[in-house]
Amino acid sequence: MGPTVNSMFSLDGKSALVTGGGSGIGLGMALALSEAGARVTLWGRNADRLARARERFPSSARVWTDVVDVSDATAVADRMGAAADQMDGLDTVVVNAGTAGAPCRITDVDEHGHRRIQATNVDGALWTIREASTIMVARARRGVPGGSIITVASLAAIEGAGRHASYGASKGALLAMSNAAAVELARYGIRVNAVLPGWIATEMTASQQEAEEFETHVISRVPLRRWGRPEEFGAVAVFLASDASSYQTGSRIVIDGGYSIF
Ligand code: NAI
């Protein structure tokens, strides 16, 4: 008899790192990964926020937190090894840390703001994927292939985003990077898949959530007629981290309440 549905989705004995895991979609994913049995490490820039995030997990859950700014290549390299050591392995990495910046006309984009977004969303993602895959490839060479890298891109990666040219460009780059990694790493059994959220109620979208105009002009065009919630990203993280998605790599999963096809 083959594996049961429960065993396919189980993350017992597995370890997962979530960047930007102190809030929003990353935290929603981390909570579900933990509930499915994984040991979890959360990275973020803010120790207080990480401590508050830790309180959302049951006390018995095996969860570590570490202050790591993903735009710092040296820190990512140092701390990736530490995360793998403390969790006794590294099976899944969620490349979620991201920043959007304030809306800005393309004629007004300033160099500093543009570089700040690329530093986290592109450079930070690349350092994270580089260091995670180095550990996973070394393990594969020791005879234990496998691993799952989940990138959190955006609808902006395929549609662009008016007044967010730098952000859209960064997410397009992240999607291309995910595909490159999926091709290169497949021979080691490492799968790489992208999740593309639509409009999700998190700190990143706080100002849009407060704007009545946004509700009438944008959220009214979401076929499911509401904002997405961070916890609605838990199941896709468990699916992509687990053996349930063993033949899935190089894919993009849009989760947007139908916004992009309406
Ligand atoms: P959020 O602001 O709650 O989460 C982003 C997290 O990343 C924060 O905890 C932040 O501190 C952390 N972070 C930012 N820069 C970092 C850095 N350099 N190093 C380490 N951590 C860093 O917002 P949300 O919405 O949960 O964002 C998560 C991901 O989802 C981002 O990549 C975002 O671009 C993406 N996304 C969000 C959408 C939304 O509607 N909320 C839509 C599409 C994509």
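The values are calculated or read from the model by the stated rules, or taken from the named source; none is laboratory data. Bear in mind that the values here come from a model prediction, so they are computed numbers and not experimental data. Side chains included, ligands, DNA and RNA excluded: accessible areas come from the protein's heavy atoms. Shrake-Rupley method; radii C 1.70, N 1.55, O 1.52, S 1.80 Å.
Quick notes on this one:
- Extent along principal axes [Cα atoms of the stretch 119-241; Å; largest to smallest]: 56, 29, 21
- Å² per residue, accessible surface of the chain at 1.4 Å: 49 Å²
- Between Ser133, Ser154, Ser220, the residue with the greatest mean-square fluctuation in the GNM of the chain (Cα pairs under 10 Å linked by springs) is Ser220.
- Relative to its residue count, the chain spans a Cα convex hull of 135 Å³ per residue.
- The stretch 1-136, accessible surface, carbon-and-sulfur percent (1.4 angstrom probe): 49 percent
- Classified by the C-alpha gyration tensor, the stretch 43-146 has an oblate form. Its axis ratio a/c, with a ≥ b ≥ c, is 1.5 or above, and a/b does not exceed b/c.
- The chain: most fluctuating residue of Glu131, Glu35, Glu213 per GNM, C-alpha cutoff 10 Å: Glu213
- Span from the the stretch 96-153 Cα centroid across to the the stretch 49-73 one, whole angstrom: 18 Å
- Highest-MSF residue in the chain out of Val63, Val94, Val144 [GNM, Cα springs under 10 Å]: Val144
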